[in-house]
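For reference, the structure is listed below as structure tokens.
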Amino acid sequence: MKSIIMAGGFGTRLRPLTNNLPKPMVPMANRPMMEHIIGLLKSHGIKDLTALLYFQPEMISGHLGDGSAFGVKLDYITLTVDLGTAGAVGSAMRKMGGGGTTLIISGDVLTDIDLQKAVSFHRERKAAATIVLTRVENPLPFGIVITDEEGRIIRFLEKPSWGEVFSDTINTGIYILEQKVLDYIPADREFDFSKDLFPLMLDKKEPLYGYIAEGYWKDVGSLEEYRAANMDILQGSVHVEVPGERIDGRRLWVGKGSRIDFTAKLEGSIIIGENCRIGAEARISNSIIGPGSIVEEGAVILDSVIWDSTKVAHGASLHENVVARGSEILDQAHLAEGVIVSDHCRIGRNSTIKANVKVWPYKVVEDDATLASSLIWGEKWSRNIFSTYGVTGLANIELSPEFAAKLGAAYGASLKKGAAVSTSRDAHKTSRMINRAIMTGILSTGVNVHDYGVTPMPVVRFLARSGTEAGGVHTRRSPFDPQLVDLKFFDGKGLDLHPGYEKTIEKLFFKEDFLRAPMEETGEMSFPVHGFESYQNGFLSMIDSETISRAGFRFVVDYSYGSSSRIFPYILGKLNCEVIALNANLDGSKTTKSPEEFQRAMDQLSSIVRSLDADMGFYLDAGGEKVFLFDETGEALDGDTALNIVTLLVLKFNKEAGRKGHIAVPVTASRAIDRMAETYGFGVRRTKTTPRGQMEAAASEGALFVGEQSGGFIFPDFQPNFDGMYAIAKLLEMLSKHGTRLHRLMREIPPSIIIKDRVSCSFESKGMVMRRLAEDSRDLDTVLLDGIKIKFGEDWLVAYPSQDMPYFNLVAEASTEEAARSLVNKYAEKIKGWQRS
């Protein structure tokens, strides 16, 4: 049996450790990661190996040679073009020839999975391809694979959101392939395993299986995980060959030629490489010391990884650090938690390196200096910058000007030089500061900036669609927490960025060495003056102003101190409506509301609608994207009722106009919508609960309307984005066409009861709970779209994990409150029980 080792990775996420080193050569317990993989293959009798190289190939081939020193035969294939993972392997398999079974494994993971058991499973099932799977607590960063009871793969999900985590079973990147798979791999173009080959084989109904392996597996995908993986080796969590002689049965390994002073304190698990010197009174605990390193008198090293030829001088202290090859940590220097020192650096005497700072190669920190990170970024930011609401952080602490400038530069580096993007913000002074910082970062990469200043988000999204801008970023104070700032990024269609593009920006951000433009090529900043006018003209061209004017509506609008008050009054003036405006002045300090403040604002608006005998009321959120509805009685419509009523109006309006197409609503929306759509002859598509999922549905061909239950309505004819202002005008148009009012429409909505609840669930347990839900409902009628929807005749329940909070959402619909509550209670108990077991 042969094996191909994928060893072409750049190791971007491990920078600065991998600036001058390919990732497979990064030491793990004093041996390159790839050596551990070779040892694993050999231990399972697989000795005919081929390494696929791409980045710095000579460093790998120069160290490993022909493999004879490790008891294997090792050949190399160096790629000159990027063919993707499957394309590269296919090319290698054709060159190797000989037929038979081939095992594919990455050269930069840490694992002790039993490969022979996986091969036996593959052969027993007569599979064309087998993916080795494992279970993890947090499956979000990985590709999820769902199998049936026999192990046959039935579905793939690449880089899922929490709502798509239908299992905690992930793809390890270890594959067992027969020659037949070459029939599906093109010879001359980029082709990926997860995105191309396996979905194609699934579609062709080829025998594609998943083997769920026991044992340790870690994708060493970040600096934090790198140190943690080394600690796992020390603690015996993973079985690898540790170099050196084990001393007196302790978890202490010492290499040849090393000298340790008898007064040195060695605590916990420790690996000391060859030819090291450990001085008097030095203290080392749960750490790895690379070959040829010196630890002088009184130095303290705790929970750290020290590479070869490193010096830790007298009285220096290291805690949870990584120090790379050839660096010097001089007398009394202090490295705080999370510090990474790359190769050949000099950290001066009595200097202090603050927590989480990364020192790049060949840098010198002078004596007595304090090096503080420009990025004050907590642990939760170590893997992902983007979250459900874009980029969110504590104002001026996590989301500081320095961070914003760096993120702006990463965003700019993802675009072509000379492209243009928009920036905009709300009225808060901190938003202005952060917006300016983002602009400087973008400009530094040679990308131009159109700054619209204080502008509602629907306006800048609309303007992006003109084709002159590649996208944009909007800065706002969080509507939910007064201490947070949100950065909302969108693409050239005004849609929230695709998760894959967010990953691209994150990769550039963490890479930290993106190119800056020369002085004469930095971007230019401009302040377009006709943006509002373009939006207003486009808006009014899509609305039947005359019909609305004839209706003579009288209504109340609460602008909630947001930027919509800069543009919407002009539009309403063209519609000849009597408008009572509330909170129509800009005040950035009042745009964030607690739940209690929001409820008071809603109660106040309800009272005013009643007392003025108005036709209706509207509460616009501060960003102008969402709108909450009040009927002619002053009653605030709950989210499901509002969605049902607006959907009914849309169906009536488009039926009368003779239009064809479909509407789209979240998987959690009422079945009443399906019944109404059937009555009027329209189709219904279900979407994810995320804004991006709903915007994508709006951008699809034939979409007439997309709505959700928290005040978000999209009319794609105008733009495929949430726009509360346009939703108000369209609602007025539809009501005037049919001569009706909101409250009267309620009697046309099919009756039903929806119950919502949430169940506490730690992030670590979410994947497991999703898997148990999928297994528990395997024989039931289910929909796997966002979370899991389980149908019981006409009744249903949806269970989906919160994207950013430790709980599951439960939504159930039935004909009676008792039946809906029973469904919610039943599955709440199941989720609690699975977490206890």
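The values are calculated or read from the model by the stated rules, or taken from the named source; none is laboratory data. These numbers were taken from a predicted model, which means no experiment stands behind them. Cβ atoms come from the backbone with ideal geometry, glycine included; neighbour counts cover every protein chain shown. Heavy atoms of the whole protein, side chains included, go into the accessibility calculation; ligands, DNA and RNA do not. Shrake-Rupley method; radii C 1.70, N 1.55, O 1.52, S 1.80 Å.
Hey, which of these cross-link pairs are over 23 Å Cα-Cα: LYS493/LYS789; LYS358/LYS507; LYS218/LYS503?
Values: LYS493/LYS789 31 Å; LYS358/LYS507 16 Å; LYS218/LYS503 20 Å.
The answer is LYS493/LYS789.
Count the net charge of all other residues whose Cβ sits under 11 Å from the Cβ of GLY446, scoring Lys and Arg as +1 and Asp and Glu as -1. Can you show the working numbers first?
Values: positive: LYS416, LYS417, ARG516; negative: GLU520, GLU521, GLU524.
For residues surrounding GLY446, the net value is 0.
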Net charge over other residues, Cβ less than 14 angstrom from the Cβ of ASP631 (K, R count +1; D, E count -1)
-1
If one computes the Cα centroid of the range 722-789 and of the range 473-492, what distance in Å separates the two points?
25 Å
Is the range 556-602 best put as rounded, prolate or oblate by its Cα gyration tensor, with a ≥ b ≥ c the root eigenvalues, rounded for a/c under 1.5, and otherwise prolate when a/b is larger than b/c, oblate when not?
oblate
In degrees rounded to 10, the 0-90 angle between helix 84-96 Cα long axis and the longest Cα principal axis of the chain is 40 degrees
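Please sort 673-684, 826-837 by packing, taking for each peptide the average over its residues of neighbouring beta carbons within 10 angstrom, highest first.
Ranking, from highest mean packing down: 673-684, 826-837.
Accessible area per residue of the chain at 1.4 Å probe, in Å²? Spell out each step's value before the answer.
Values: 33480 Å² over 837 residues.
Heavy-atom SASA per residue in the chain reads 40 Å².
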Output wanted: per-residue J couplings in Hz (rounded whole) for the range 752-766, from phi through Karplus 6.51 cos²θ - 1.76 cosθ + 1.60, θ = phi - 60°, x for Gly and Pro.
5, 10, 10, 10, 10, 7, 9, 10, 4, 7, 5, 4, 5, 9, 4
Scoring the range 3-151 by relative contact order with C-alpha pairs under 8 Å, at least six apart, yields a percentage of 28 percent
In whole percent, what relative contact order does the chain give with Cα contacts below 8 Å and a gap of six or more residues?
8 percent
In nm, the gap between the two label points placed 7 Å beyond Cα toward Cβ at SER549 and ASP779 is 6.7 nm
In degrees, nearest 10, range 0 to 90: what is the angle between the Cα axis of helix 639-656 and the longest Cα principal axis of the chain?
60 degrees
Sorted by packing (mean other beta-carbon atoms within 10 Å per residue), highest first, where do 454-462, 659-667 land?
454-462, 659-667
Carbon and sulfur atoms: what percent of the 1.4 Å accessible area of the chain do they account for?
48 percent
Inter-part distance where the range 90-150 and the range 521-568 are each reduced to a Cα centre, Å:
55 Å
Taking the chain and counting helices only, DSSP H stretches of n ≥ 4 at -39,500 (n - 2.57) each over all residues, the nearest-500 ellipticity at 222 nm comes to -9000 deg cm²/dmol
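Taking K and R as +1 and D and E as -1, what net charge do the other residues with C-beta under 9 Å from the C-beta of ASP486 add up to? Display every interim value, and only then the final one.
Details: positive: ARG476, ARG477, LYS488; negative: none.
Here the count lands on +3.
Once you have a ≥ b ≥ c as the square roots of the Cα gyration tensor eigenvalues for the range 532-639, tell me rounded if a/c is under 1.5, and otherwise prolate or oblate according to whether a/b is larger than b/c.
Working: a/c = 2.13, a/b = 1.22, b/c = 1.75.
Oblate, because a/c is 1.5 or more while a/b does not exceed b/c.
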Helix 724-738 against the longest principal axis of the chain: what's the angle in degrees, Cα atoms only, rounded to the nearest 10?
40 degrees
Starting at the first residue of the range 356-367, write each ³J(HN,Hα) from the Karplus equation 6.51 cos²θ - 1.76 cosθ + 1.60 with θ = phi - 60°, in whole Hz, x for Gly and Pro.
6, 6, 10, 9, 7, x, 6, 8, 10, 9, 5, 4
Pairs of Cα atoms under 8 Å, at least six residues apart: use those to get the relative contact order of the range 189-336, whole percent.
13 percent
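Provide the packing ranking of 751-758, 399-406, 631-638, i.e. peptides ordered by the mean count of other C-beta atoms within 10 Å per residue, highest first.
399-406, 631-638, 751-758
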Full-stretch length increase - GLU748, THR816 - with 0.36 nm per residue and alpha-carbon distance subtracted:
22.7 nm
Measuring from centroid to centroid over Cα atoms, what is the spacing of the range 190-216 and the range 297-330 in Å?
44 Å
